[in-house]
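Only the coordinates and a few stated rules stand behind these numbers; no lab work does. What you see is a predicted model; the values in this text were computed from it and never measured. Virtual Cβ from ideal backbone geometry, glycine too; neighbours counted across all protein chains shown.
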Amino acid sequence: MLPIRGLYEVAIRVKDLPASEAFYREVLGLEEGIRDERRNWLFLRAGGDAGMVVLQEDKGEWPTQHFAFTIDEADIDRCCDLLRERGVEIDGPHYHEWMQATSIYFSDPDGHELELCAIAGRI
């Protein structure tokens with residue numbers, strides 16, 4: 001087995017980079033890492049150095065995806081309130097017995113299903 005310890009980067013196709021940038025930066029609070037003007041990509045930091053999301057503008061047709069971000073268990077209610085305040089419709093929170101975690105679900109401007117997931121007992 002390879003000693004993989006986690007996931008560092010996820011690429012997300014988006015139709016309109018400025019609209020998606022506004023959502024991921026202003027609603028989710030991700031920080032700009034680097035902008036690649038040549039390819040029309042934007043690298044955003046998720047949780048400081050915890051990982052990156054790369055928004056890749058692609059005007060073609062592609063299926064929507066599901067992406068989950070980790071949060072602390074103590075922040076579930078606050079995240080629900082903040083998303084609602086920012087006009088985001090949420091589903092949850094839902095407790096998942098099989099993985100001992102609570103999740104909130106919502107969509108980004110392109111219809112990708114996003115999740116905030118808090119593993120029980122992790123701070």
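At-a-glance table
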| item | result |
| --- | --- |
| Antiparallel content of DSSP bridges confined to segment 1-62, in %, to 5 | 60 |
| Against the rule of thumb 2.2 N^0.38 Å, how large the Cα Rg of the chain comes out | 1.09 |
| Glu73 versus Arg25: modelled label distance in nm, points set 7 Å from Cα along the beta carbon direction | 3.5 |
| Radius of gyration and maximum dimension Dmax of segment 45-87, Cα, Å | 14.0, 40 |
| Share, in percent, of DSSP beta bridges within the chain that are antiparallel, nearest 5 | 65 |
| DSSP loop trypsin sites (Lys or Arg not before Pro) with at most 16 other Cβ within 10 Å excluded, longest remaining stretch of the chain | 87-121 |
| Segment 63-123: mean projected area of Cα convex hull, nm² | 4.2 |
| Computed [θ] at 222 nm, deg cm²/dmol, the chain (DSSP H ≥ 4; -39,500 (n - 2.57); rounded to nearest 500) | -3500 deg cm²/dmol |
| Two-site label geometry, Leu7 and Arg38: point separation in nm, points 7 Å out along Cα→Cβ | 2.8 |
| Compactness of segment 1-62 as Cα Rg over 2.2 N^0.38 Å, two decimals | 1.20 |
